[in-house]
Amino acid sequence: MQAPKLAQSFRHLFLQFFVLLLAVALTSIPAGDAHAHPEDDFCEAGSGLDPALCRQLAEANSAEAPVIRPLLDEEGNIRSPLDTAALYLKIGVQHILPSGTDHILFVLALFLASERIRSLIIQISAFTVAHTATLGLAAAGVIEPPASIVEPLIALSIAYVAIENLFFRDISKWRPLIVFGFGLFHGLGFAGFIRDVGLPPGQFWSSLIGFNVGVEIGQLAVVLAAALISIPMKLALARANFSYRSVVVIPASVLIALIGLWWATTRAFGL
């Protein structure tokens with residue numbers, strides 16, 4: 001079988017598998033929270049996170065049914081919606097940088113596949129709309145898919161985009177739709193974390209919007225850093241008559257794909 005046909009078959013099989021699991025995840029009976037990064041620990045010494053929020057996190061971890069109270073400032077007053085949004089914006093940024101390794105790798109895989117800024121903007125926009133939607137729905141308790149499905153699929157989404165980079169130089173017309181679908185699962189991963197942190201009563205929207213904006217800032221920072229590194233690298237490789245795709249895109253995509261597949265395996269089987 002020729003390479004293009006093999007790549008097309010791989011894409012079709014994966015998408016059929018993905019759609020099936022998407023349907024299962026979004027229609028499943030609640031069976032536990034989704035946790036995008038169970039290793040996140042924002043309250044370590046020197047983290048700079050608000051002490052009031054850290055106390056609530058400690059209480060939530062030790063209680064069977066934690067109650068999230070209004071967040072108080074240093075003087076014991078309830079925070080304004082704007083102050084709460086600023087606090088959760090900081091949490092959102094920290095959830096990506098440096099803690100969100102899987103989301104960073106997904107964004108980098110998209111970056112590697114996009115030779116034109118327009119295609120990258122379209123993909124990032126599709127990803128943002130999708131994870132914003134499921135983050136809001138899951139945070140509000142409308143949907144609660146089990147982490148046993150969400151976590152492996154987040155890892156598989158990373159592997160898929162990276163593997164596709166190896167077969168296709170230019171993104172297909174279906175790529176934004178595929179990225180949108182993957183964004184739905186990444187949003188559920190974000191929601192698992194935000195449910196752990198808790199949204200203060202009466203300030204659902206300010207905290208949720210602040211967190212989401214923080215996540216976007218973190219993702220855009222990853223794209224900007226990648227661009228600043230890739231531009232001089234492309235120029236240097238071109239002067240030396242080396243292909244940027246051969247030297248950077250393919251090896252980096254292989255590495256990201258292997259990491260994604262490893263995560264998918266360990267998360268699926270609880271290793």
Next item on the list: Please give the FRET efficiency for residue 117 paired with residue 78, using the beta carbon to beta carbon distance and R0 = 35 Å, rounded to the nearest 0.05.
Entry: 0.20
Note to self: Quick check: pseudo-label points 7 Å beyond the Cα along Cα→Cβ at residue 239 and residue 133, how many nm apart are they?
What the structure shows: 4.7
Note to self: Let's test the formula: R0 of 45 Å, r as the Cβ-Cβ distance of residue 246 and residue 269. What FRET efficiency results, to the nearest 0.05?
What the structure shows: 0.85
Check: Measuring from label point to label point, each 7 Å out along Cα→Cβ, what is the residue 204 to residue 224 span in nm?
Finding: 3.3
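Rank by packing, highest mean first: peptides 136-144, 94-102, 226-234, 206-214, with packing defined as the count of other Cβ atoms within 10 Å averaged across residues.
206-214, 94-102, 136-144, 226-234
Every number in this text was worked out from the coordinates using simple rules, so none of it is lab data. If you're wondering where the values come from, they're calculated on a predicted model, not measured in any experiment. FYI the Cβ positions are ideal-geometry reconstructions off the backbone, even for glycines, and counts take in every protein chain you see.
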